[in-house]
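I have placed the structure first, in the form of structure tokens, so that the comments after it can refer back to it.
The values are calculated or read from the model by the stated rules, or taken from the named source; none is laboratory data. If you're wondering where the values come from, they're calculated on a predicted model, not measured in any experiment. So basically every Cβ, Gly included, is an ideal-geometry build from the backbone, and we count neighbours across all protein chains shown. SASA here: full protein model, heavy atoms, side chains in, ligands and nucleic acids out. Shrake-Rupley method; radii C 1.70, N 1.55, O 1.52, S 1.80 Å.
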Amino acid sequence: MNDLTQTRWLPILMLVGANVFMTIAWYWHLKFKNESIWLVIFASWGIALLEYCLQVPANRWGNANFTVYQLKIIQEVITLAVFMIFAMIYFKTWPAWNQIAAFVCIFAAAGFAFLPEIEKEFSRPK
């Protein structure tokens with residue numbers, strides 16, 4: 001039986017979960033602008049703790065299969081996807097065409113991190 005912490009998919013699923021908590025922590029309070037800023041800071045901090053409980057092991061275990069750069073790029077793509085879904089559901093707002101185009105460009109750019117390295121000589125110090 002394979003150790004789940006060594007799979008490529010568990011860290012990605014954990015990063016999705018972490019980003020759900022992160023997005024909620026950062027944006028939920030925008031509907032509650034009359035609440036005390038300290039109340040929303042502490043509430044958001046509590047939500048962010050759940051994010052860290054997923055993010056830290058996801059990066060640790062994910063590093064067995066991905067470089068740190070790949071992990072960061074995966075996390076950023078997940079962040080954008082989670083945010084778009086959250087904004088559409090929670091705020092009932094849809095991105096404009098130019099925002100969608102920007103997201104598509106970012107997603108496409110992220111693909112470069114997973115292409116095979118063509119020439120390792122350029123990335124090694126001499």
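Miscellaneous remarks
- Fully extended contour minus Cα-Cα distance, from ASN34 to ARG8, at 0.36 nm per residue: 5.0 nm
- With both labels modelled 7 Å from their Cα along Cα-to-Cβ, the ARG60 to GLU76 distance reads 2.6 nm.
- Cα point-scatterer Debye curve for the chain, base-10 log of I(q)/I(0) at q = 0.11, 0.13, 0.21 Å⁻¹: -0.51, -0.68, -1.22
- Cut-off of 10 Å, at most 10 other beta carbons, DSSP loop: longest stretch of the chain lacking such GluC sites (Glu not before Pro): 1-116
- Among the DSSP helices (H) of the chain, those spanning at least 20 angstrom by Cα along their long axis with an average Kyte-Doolittle hydropathy of 1.6 or more are 68-90; this is a geometric and hydropathy rule only.
- Anisotropy class of region 1-45 from Cα gyration tensor, a/c 1.5 cut: prolate
- Per residue solvent-accessible surface (Å²) - the chain, probe of 1.4 Å: 74 Å²
- Taking the Kirkwood radius as Rh and the Cα radius of gyration as Rg, region 14-77 has a ratio of Rg/Rh equal to 1.10.
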